[in-house]
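Okay, so here's the structure we're looking at.
The values are calculated or read from the model by the stated rules, or taken from the named source; none is laboratory data. All values reported here derive from a predicted model rather than from experimental measurement. Cβ: placed from backbone, ideal geometry, glycine included. Neighbour counts: every protein chain shown. Accessible surface is based on the protein model in full, side chains and every heavy atom, while ligands, DNA and RNA are left aside. Shrake-Rupley method; radii C 1.70, N 1.55, O 1.52, S 1.80 Å.
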Amino acid sequence: MNKNCEQFQILLSGYMDGELSAEQVKQLEQHSASCPECAELAADLKAVSAVTREYFSGVRQAVQGISIADEVYARLEEPAVIPMAQPRSRNVFMKPWFSAAVAAGLAIFFGFYFFFPSGKDYNVSQNTCVVDSVETRKGSVMVFKDSATDTTIIWLFSAATDMTNSGESVS
Amino acid sequence: MKQTDLCEYSDNDLISAVREGKIEAFDQIVRRYESKVLGVLYGMMRNSDDARDVAQDVFVKAYKSVDKFRGDSKLYTWLYRITVNMAIDYMRKKQKKAKVEYNDEVKISDDNPAVPVDRINPSKTVQNKELRTKLQEAIEQLPEEQKSTFVLREMQDMSYQEIADVMNCSVGTVMSRLFYARKKVRDMIKPYLEGVS
């Protein structure tokens with residue numbers, strides 16, 4: 001095989017299948033006339049194609065009697081599979097509203113804690129009721145309404161201590 | 001809509017009817033092209049059960065993605081593209097799991113041999129059975145892209161341009177893949193090629 005053979009051999013399939021230009025055909029035929037190795041390969045590839053086509057002809061005949069149309073039709077008529085919804089997370093700590101609530105609670109807590117650090121003692125009467133409350137891990141904020149004195153009481157409870165920490169009253 | 005009416009529809013008319021929700025039109029497409037799709041798959045996969053399964057998947061996928069068919073290419077080119085891609089995917093997945101089974105071959109009886117005895121060597125029936133087996137093994141061992149190109153050319157007699165459209169490659173690549181595929185097959189069956197022209 002000379003150094004030009006490879007560039008001609010790659011054209012052999014195109015030559016067999018009638019896919020080459022006239023110029024390529026001419027060059028390939030000139031080369032093959034002087035190169036027994038390429039001529040032999042061309043003959044072999046032609047034989048491979050002939051044998052394969054005969055084989056595939058048998059495959060085509062074997063396939064002729066087979067139909068998958070009914071199976072395909074049945075599959076197309078199946079109700080579309082609706083993807084199951086992902087199970088909702090039961091972890092309340094992952095909820096967006098939980099983060100917002102914690103942030104709001106902490107803001108209120110620290111706001112009162114730092115700006116009203118020394119609340120006066122206040123005795124809660126029996127007419128007091130809880131209006132609102134926010135609990136966090138660091139403590140709680142409770143808002144009372146004392147109807148007897150018409151006073152709003154805000155209690156800040158630190159989680160580290162008991163419920164006697166502080167109290168603020170707003171009239 | 002009757003099937004007999006649909007038989008007269010062109011491919012484009014059938015596609016339009018499918019897009020309008022007429023499932024019978026797609027059934028007609030299946031019946032029109034199932035032999036071609038099955039032929040390619042049997043040629044590439046040898047395992048008849050696998051070929052049937054993948055053929056069904058091909059048509060189900062085509063139905064679900066019919067809106068993606070723009071009509072730039074012919075319907076059968078589009079179907080062949082889906083077929084080849086799904087066959088390659090399937091074979092790659094299967095190769096990862098286990099070696100391909102050689103016993104479950106395409107069922108071609110000796111009464112209807114794929115390679116007719118008298119065309120090759122009338123006096124050597126056994127040798128022709130061996131040739132058939134060797135040929136199947138040789139095709140089986142081709143790289144997927146070469147195998148697809150080889151089957152589309154030798155079984156479906158598609159032009160290089162049509163194969164290039166299906167395989168989404170250049171005509172030069174088709175020619176190159178065909179050459180190497182035929183050469184590899186030649187190397188495996190050369191002892192049986194004597195007298196074949």
- Item | B/A buried area, accessible surface, summed, 1.4 Å probe, Å² | 4500 Å²
- What is the sum of charges around residue B:67, taking Lys and Arg as +1, Asp and Glu as -1, for the other residues whose C-beta is under 15 Å from the C-beta of residue B:67? +4
- Note on the structure: Per-residue average of other protein chain Cβ atoms inside 10 Å, peptide B:45-52 -> 1
- Which whole-Hz ³J(HN,Hα) couplings does the range A:55-70 yield from phi under the Karplus relation 6.51 cos²θ - 1.76 cosθ + 1.60, θ = phi - 60°, glycine and proline marked x? 4, 5, 4, x, 4, 4, 5, 5, 7, 3, x, 9, 10, 10, 4, 5
- Using a basic spin-label model with each label point 7 Å from the Cα along Cα→Cβ, how many nm lie between residue A:78 and residue B:140? 3.0 nm
- Item | As computed over the range B:5-82, the Cα convex hull volume per residue (Å³) | 82 Å³
- Message: Give me the inter-chain shielding for B:16-29: mean count of other chain Cβ atoms within 10 Å, whole number please.
- Response: 1
- Task: Would you rank A:155, A:97, B:78 by solvent-accessible area, highest first, keeping every protein chain in place and using a 1.4 Å probe?
- Result: A:97, A:155, B:78
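Compute the signed sum of charges (Lys and Arg +1, Asp and Glu -1) over the other residues within less than 11 Å, Cβ to Cβ, of residue A:73.
-4
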- Task: Enter the mean number of other protein chain beta carbons within 10 Å of the beta carbon of each residue in B:176-185, as an integer.
- Result: 6
- Note on the structure: Non-local residues with an amide H under 5 Å from the amide H of residue A:139, with H modelled 1.01 Å from N and Pro and chain starts lacking one, are A:159
- Item | Under the Karplus curve 6.51 cos²θ - 1.76 cosθ + 1.60, θ = phi - 60°, whole-Hz ³J(HN,Hα) for the range B:21-28, x wherever Gly or Pro sits | x, 8, 5, 4, 5, 5, 4, 5
- Item | Hull volume in cubic angstrom per residue (convex hull over the Cα atoms of the range A:14-84) | 188 Å³
- Give a residue-ordered list of calculated ³J(HN,Hα) values for the range A:16-24 (Karplus: 6.51 cos²θ - 1.76 cosθ + 1.60, θ = phi - 60°; whole Hz; x for Gly, Pro). 4, 8, x, 10, 9, 6, 4, 5, 5
